Amino acid sequence: MEISFDTIETSTLTKAELSELLFEQLGLNKREAKDFIDAFFDLIASSVAEGQDVKISGFGNFKVNTKKARPGRNPRTGEPVVIEARHTVTFQCSPKLKDALMDS
């Protein structure tokens, strides 16, 4: 099964456009398509928020990184401050996606 993105008119793919593609090409009704897309992204977001890495085979990995506290300075006053420890998320695309980008 292959989904075609030929009907997309903008350079940005939105959740609404994804659900429209599911409606048009897979025959889901509009409500099911919207619910499917929302559930998919909610699952990714909640997994990452819990600190779990998410791997989507053939697409890429969302990896949670922990940054340590470090010294910094207030750019307005020059006063030294401590930048608190925090979590960040990075995305690394799969080799398959990388190859597809290079071929296009």
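The values are calculated or read from the model by the stated rules, or taken from the named source; none is laboratory data. Model, not experiment: these values are computed from the prediction. Here the Cβ is made from the backbone with ideal geometry for all residues, glycine too, and neighbour counts use every protein chain on show. Protein only, heavy atoms only, side chains kept; ligands, DNA and RNA dropped before computing areas. Shrake-Rupley method; radii C 1.70, N 1.55, O 1.52, S 1.80 Å.
I'm checking my understanding of the structure. Among residues of the range 1-51 that are outside any helix (DSSP H, G or I) and within 14 Å of the chain's Cα centre (by Cα), which one is modelled with the highest pLDDT?
Per the criteria, the residue is Thr14.
Does Phe59 satisfy being among the aromatic types (Phe, Trp, Tyr) and either modelled with pLDDT of 95 or more or under 21 Å from Leu101 (Cβ atoms) (or both)?
The answer is yes for Phe59.
In the range 60-86, how many residues are of a type outside the set (D, E, K, R), in a strand (DSSP E or B), surrounded by 10 or more Cβ atoms within 10 Å (Cβ to Cβ) and over 19 Å from the mean Cα position of the chain (by Cα)?
Looking only at that region, the number is 3.
On the basis of being in a strand (DSSP E or B), under 17 Å from the mean Cα position of the chain (by Cα) and on the phi < 0 side of the Ramachandran plot, does Lys55 make the cut?
In short, yes.
Being in contact (Cβ under 8 Å) with a residue 12 or more places away in the chain and among the polar types (S, T, N, Q) narrows it down to one of Thr66, Thr14, so name that one.
On the way: Thr14 fails: in contact (Cβ under 8 Å) with a residue 12 or more places away in the chain.
Exactly one of Thr66, Thr14 is in contact (Cβ under 8 Å) with a residue 12 or more places away in the chain and among the polar types (S, T, N, Q), namely Thr66.
For the range 17-54, enumerate the residues that are over 30 Å from Asn65 (Cβ atoms), open to solvent by 70 Å² or more (accessible area, probe 1.4 Å) and aliphatic (A, V, I, L, M).
Passing the criteria: only Leu26.
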